[in-house]
Structures are given as C-alpha cells and as structure tokens.
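Presented below is the structure to which this report refers.
The values are calculated or read from the model by the stated rules, or taken from the named source; none is laboratory data. What you see is a predicted model, and the numbers here were worked out from it, not measured in a lab. Glycine gets a Cβ as well: all are built from the backbone with ideal geometry, and neighbour counts include every protein chain shown. Ligands, DNA and RNA are stripped out before the accessible areas are found, and what is left, the full protein with its side chains, is counted by its heavy atoms. Shrake-Rupley method; radii C 1.70, N 1.55, O 1.52, S 1.80 Å.
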Amino acid sequence: MANSSAIIEFLLMGFSSLGEFQLVLFAVFLCLYLIILSGNVTIISVICLDRSLHTPMYFFLGILSTSEIFYTLVILPKMLINLFSVLRTLSFVSCATQMFFFLGFAVSNCLLLGVMGYDRYAAICQPLRYPILMSWRACGQLAATCIVSGFLVSLVGTTVVFSLPFCGSNNINHYFCDISPVIRLACADTYINELVIFICGVLVLVLPLLFICISYGFIVHTILKIPSAEGKRKAFSTCASHLIVVTVHFGCASSVYLRPSAKNTSGKDRLVTVTYTIITPLLNPMVYSLRNKDVQVAIRKLIGKAGFSFKTL
C-alpha cells in the first residue's frame, strides 16, 4: 500500500486519439446531455404535477428519471470539459468518488428496472391484489431498498478497486473512472479483486434480469389468455417501453462487466459504455414520453394550463 501514494492523480485519455474530431463530439454530447436533462426533468415534473400519474408505475419511473439525472451528472460534465480542453487530470480521491457515485446510481437503476418489472407483473397477473402488493408503503420500501443496495454494492466495488496499490502509468484509457480501465493500472495481482467484482456484477445484472424475464414469462402467459385483441394490445403496450430500456441497459452493461478479467478490455468498451451512459438515459425519457399515451396527455394538459395562465396575465 506504500506504493499507492506514488499516483496522486489520473489522466483520462478518453477520446484524445480522435484529434480535432473531439470538437464535433463535444457538440454532439453536449446536445445529448441537454436533451437527457430536459427529458428527465420533464418526466419528473409531469409525474409530480399530474395527479392521474400518481400510481406505482410512474412513481418508480420518477425515481428512475431522478437517478438518471445524477447518473449522467457524475460523468458527462467532466467528459465534456475533457473534450474541450487539454487538462484531463483527475485526482486519486476524485476518481474514487466518481466511480462510487457512478456505480451507485448504475446499480440502483438495474434494481429499479427489476422492481418496475415486478410492478407490471402485479398489475397484469394479480390485478385484484395489486393495491395491496404495490401499496405506497411497499413502493417506498422497494425504492429505498434499491438505492441503499445500489450504493452498498458500489462501496464494495470501489473499495475492492482502490485498495490495490497503484504505481507506474496513470493513464486511464477511458473517459471516466470505470472499473476495468482503472484496475488495469494496479501494480499487483488483481485476480481476487476481479473475482469479487465479477460476482458483484452477476448479482446486480444477472439476478435482476432473470427476475424480469420470469416476471414477463408470467405476463405473456396471462396476456395470451385475454380474449380480445384490443385487450392484449393494451396490456403489451404498458410493458413495451420498459422492455426497450431493459434490453439496451442490461445488454450493454453485461457485455462490459460480466467478463472474468479486466485485462480483456479494449477501445470498443468506450463505444459500448457510451451506449449505457448516454443513450440509455436518453432513451428512458424518449420511450416513456413518445410511446406512452398517459404521459403525452399529461404533458398536453400541463402545456394547456400553462398557456391559459399566460393568457390571463
């Protein structure tokens, strides 16, 4: 551990190899970041202001949107600064802090998506028991459990990584302090550390995804029993948005974190990571606002009220 003090800061290489193309990426990522913020803030505002959306499904959607805002806030502002400047350093403590909050919100999102799958199961397969299964007390406990569990797992992962000694190169081949590119810089045997991280990855990715798949197995079985085609369509439509986000989020995250060794990382990981750090938070408000009629109606109602209030001034 004495050698760990040799490195007091890290250098985020990010997209430095792209040269002048970084300015184009800066403009693109800045626009996407603003869309992510505005989209998630819109969803949260609509859910809070429209009483018709005060249901468990939209309660969890509001929590997920809030988590997505902080999730991107941990990464994207620093990434934008790095694209626009030559000063790409990050202190040892700042790197650990960024990893802790990134993992905390990322794991919380995985667990929240699992809970949202259970909510859809309860609504479609257990409609008579739904008010009891998804009472406001139960919803609050589930949301709190997801967040607390997410940051406990993050604490374990961050501790496992930064308990290693770091000496020699401080160049992180990534645009933020992710697990694999940081652990590659350790000057010690990382087998046990990587094994612990891999087990944590299985727990937070495979188990929620398996739970979601089982829930949707029951959902499909129940929907197929609905006699009318319109009833089947409505039931499936309530699940489509959730399934899209689950597929992208778990698919990309699994390809990066469910690997036995961090030594297998490559430049392609940055492209995959862009998907679940930028595209998924962007996809969340897009699919839940553009595809969801309840949210569309609520937005139009609020715009109408705002327009009426403006005219009366």
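Annotation for region 93-115: at least one member residue is open to solvent by 20 Å² or more (accessible area, probe 1.4 Å), part of a helix (DSSP H, G or I) and over 29 Å from residue 209 (Cβ atoms).
When each of 56, 77 is tested for being open to solvent by less than 60 Å² (accessible area, probe 1.4 Å), of a type outside the set (Phe, Trp, Tyr) and in contact with a Cys (Cβ under 8 Å, 6 or more places away or on another chain), the lone residue that passes is 56. Residue 89 satisfies every condition listed in (1) within 23 Å of the chain's Cα centre (by Cα); (2) open to solvent by 20 Å² or more (accessible area, probe 1.4 Å); (3) farther than 21 Å from residue 149 by Cβ except (1). Show the residue pairs meeting these rules: Cβ distance below 9 Å; 6+ apart or different chains; first residue within region 13-35 and in a loop (DSSP other than H, G, I, E, B); second residue open to solvent by 50 Å² or more (accessible area, probe 1.4 Å) and of a type in the set (Asp, Glu). Sorted first by the residue in region 13-35, then by its partner, the list stays empty. Among residues of region 224-250 that are more than 15 Å from residue 292 (Cβ to Cβ), those with a Cβ under 8 angstrom from a residue that is open to solvent by 50 Å² or more (accessible area, probe 1.4 Å) and in a helix (DSSP H, G or I), sequence gap 6+ or separate chain, pair up as 224/232; 226/232; 246/209; 248/279; 250/209. If only residues of region 147-174 that are hydroxyl-bearing (Ser, Thr, Tyr) and open to solvent by 10 Å² or more (accessible area, probe 1.4 Å) are counted, the one that is nearest to the chain's Cα centre (by Cα) is 149. For region 175-233, the tally of residues that are within 27 Å of residue 111 (Cβ to Cβ), open to solvent by 40 Å² or more (accessible area, probe 1.4 Å) and in a loop (DSSP other than H, G, I, E, B) stands at 0. Considering only region 65-76, I want to know if a residue exists there that is among the charged types (D, E, K, R) and modelled with pLDDT under 90. Looking through region 65-76, none of the residues is among the charged types (D, E, K, R) and modelled with pLDDT under 90.
Residues are listed down the side, and each one gets a yes or a no for (1) closer than 29 Å to residue 96 by Cα; (2) over 21 Å from the mean Cα position of the chain (by Cα):
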position	(1), (2)
124	no, yes
145	yes, no
176	yes, no
185	yes, yes
201	yes, no
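Given the structure, is residue 169 in contact (Cβ under 8 Å) with a residue 24 or more places away in the chain and on the phi < 0 side of the Ramachandran plot? No: the conditions fail for residue 169.
Sub-7 Å Cβ pairs linking a first residue in region 109-127 that is more than 22 Å from residue 278 (Cα to Cα) to a second residue that is polar (S, T, N, Q) and at pLDDT 90 or above, at least 6 apart or interchain, are 117/215; 118/215; 120/215; 121/215, ordered by first then second residue. Of all residues in region 126-136, exactly one satisfies the criterion of being within 24 Å of the chain's Cα centre (by Cα) and surrounded by fewer than 21 Cβ atoms within 10 Å (Cβ to Cβ), namely 136. Before we move on, is residue 61 assigned to a helix (DSSP H, G or I) and either over 25 Å from residue 150 (Cβ atoms) or over 15 Å from the mean Cα position of the chain (by Cα) (or both)? When the stated conditions are applied, residue 61 does not pass them. Taken over region 271-282, the criterion of being out of contact with any helix residue (DSSP H, G or I) (no Cβ under 6 Å at 6 or more places or on another chain) and either at pLDDT 75 or above or of a type in the set (Phe, Trp, Tyr) (or both) is satisfied by 273, 274, 279.
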